[in-house]
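The values are calculated or read from the model by the stated rules, or taken from the named source; none is laboratory data. Here the structure is a predicted model, which is why all the values come from computation and not from measurement. Reconstructed Cβ throughout: ideal geometry from the backbone, glycine too, with neighbour counts over all protein chains shown. Note: accessible area is taken over every heavy atom of the protein model, side chains too, but ligands, DNA and RNA are not part of it. Shrake-Rupley method; radii C 1.70, N 1.55, O 1.52, S 1.80 Å.
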Amino acid sequence: MTQSFDTPLPPPKERRRLREKGALTQAQLAARLGVSRETVRAWETGRSTPSGRKRESYGQLLASLAAKPSAEVTAPQIQEPPPKLTISLSKTEKPNPHTPTATPTATATHTPPPPPPPTTAPLTPAQAFDALYAFCAPALVRQAYLLTGRRELARESVEQAFQVAWQRWPEVAVDPDPASWVRAAAYEYALSPWHRFRPRYRHPEPPPADASDRALLDVLLTLPPSYRRTLLLYDGVGLGLPETAAETEASTPAAASRLLHARSAVAARLPDLAEPDVLHRRLAETASTERLRAAKPPTVRIGSERRARFWTRAAIAITVAIIGATALTLHSAPTRYEPPVPPGATVPGLPPRAAPGTLSTAELTLRAKLRAESANGPERLLPEPR
């Protein structure tokens with residue numbers, strides 16, 4: 001991959017100043033450059049630096065903003081200074097309530113002081129989560145569909161990622177880029193290999209109606225998951241190469257190699273998409289043609305809370321079962337040691353025990369006589385003394 005570093009860029013603070021000078025928001029600047037708002041924010045904070053064509057386009061746009069005269073842009077934003085009073089208070093002097101207040105001069109009567117900025121109440125955790133979900137969920141569902149080719153799995157991946165984010169909201173809320181956090185979780189769930197063992201995902205879903213969309217989706221699904229994810233982040237979302245490498249947990253050279261191989265595979269099957277700009281546009285069009293709607297934010301939050309309660313109760317039940325089994329074992333276990341009975345052994349030197357043989361005729365006659373005689377009464381047989 002070839003990168004152009006010839007276009008000089010001002011420092012991050014100067015980039016933000018030039019954007020504000022041109023009265024542009026981060027979203028408007030991102031729309032002009034064809035990148036996401038998170039990427040522009042990363043450029044202005046110094047967390048990343050654009051490269052390639054995006055660097056050239058960004059540098060040219062900043063140069064055009066710097067060439068504009070300041071008065072042309074900032075004139076509507078200039079405010080007159082607050083009125084000066086004839087009597088000023090020092091740091092140690094306090095106003096006397098009985099003393100009449102000082103009257104402003106003639107210049108102050110023409111220009112009233114600017115009103116204080118309106119104070120907005122801080123958002124609650126639920127409101128902040130709903131705002132993040134409304135901003136990221138629709139785009140994430142379309143991205144997950146390009147990763148998996150399955151509509152239901154795409155919606156499930158995004159909902160699962162936001163449910164985990166709501167469970168760990170104190171950590172996600174203070175993250176420098178919450179959208180990237182949720183996107184990484186959704187990608188990991190969507191590309192998990194265990195989905196192939198689920199019965200509902202063994203059969204393919206209906207392909208897109210358009211032939212070009214079907215061809216592009218087929219090419220994407222033939223790529224390895226890591227290559228597919230790198231291509232989508234760089235050419236689809238518009239992240240820089242360092243951000244793509246960090247989100248895919250790979251080094252920058254490895255991410256560049258994956259991107260080159262993915263682009264080569266797409267260009268070999270679809271020569272019309274050899275240019276990155278054309279590929280970016282086609283990815284956006286393919287994902288936008290499908291009607292992929294995400295669930296409502298309250299539904300996701302309620303599902304996350306139910307899941308958390310279920311696993312909490314399951315953990316408590318398993319713990320109670322382990323404690324009960326341990327107590328039963330301690331109660332029924334023997335308190336003293338009983339040595340096991342050793343197996344029998346043959347004693348040497350003793351004659352073997354003779355087995356009883358058959359009875360003789362006299363013995364048979366005697367047995368019959370004994371059985372025939374009465375066992376009770378005076379007629380019973382008595383052994384003769386010898």
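Criterion first (crowded, with 18+ Cβ neighbours inside 10 Å and under 12 Å from the mean Cα position of the chain (by Cα)) does ARG183 satisfy it?
Yes; evaluated as a whole, the condition is true for this residue.
Could you please let me know if ALA315 is surrounded by 11 or more Cβ atoms within 10 Å (Cβ to Cβ) and at pLDDT 90 or above?
For ALA315, the condition - surrounded by 11 or more Cβ atoms within 10 Å (Cβ to Cβ) and at pLDDT 90 or above - is not met.
Since PRO204 meets every condition but one in (1) within 21 Å of the chain's Cα centre (by Cα); (2) at pLDDT below 90, which condition does it not meet?
For PRO204, the failing item is (1).
Please enumerate the residues belonging to the stretch 7-18 that are touching a Ser or Thr at 6+ places or on another chain (Cβ under 8 Å) and part of a helix (DSSP H, G or I).
PRO12
Can you list residue pairs whose Cβ atoms sit under 7 Å apart, with the first residue in the stretch 184-208 being under 15 Å from GLU247 (Cα atoms) and of a type outside the set (Phe, Trp, Tyr) and the second being open to solvent by 50 Å² or more (accessible area, probe 1.4 Å) and in a helix (DSSP H, G or I)? Count only pairs 6 or more apart in sequence or on different chains.
From the stretch 184-208, the pairs are LEU191/PRO225.
Just a yes or no: is a residue in the stretch 156-173 touching a Lys or Arg at 6+ places or on another chain (Cβ under 7 Å), open to solvent by less than 20 Å² (accessible area, probe 1.4 Å) and of a type in the set (A, V, I, L, M)?
no
Mind checking which helices (runs of 4 or more DSSP H) fall wholly inside the stretch 206-309 and carry at least 2 residues that are open to solvent by 60 Å² or more (accessible area, probe 1.4 Å) and farther than 17 Å from LEU140 by Cα?
Helices (runs of 4 or more DSSP H) meeting the threshold: 211-222, 241-247, 252-269.
For the subset of the stretch 46-68 comprising residues that are in a helix (DSSP H, G or I) and touching a residue at least 60 places away in the same chain (Cβ under 8 Å), which member is surrounded by the fewest Cβ atoms within 10 Å (Cβ to Cβ)?
Restricting to residues being in a helix (DSSP H, G or I) and touching a residue at least 60 places away in the same chain (Cβ under 8 Å), the top hit is ARG53.
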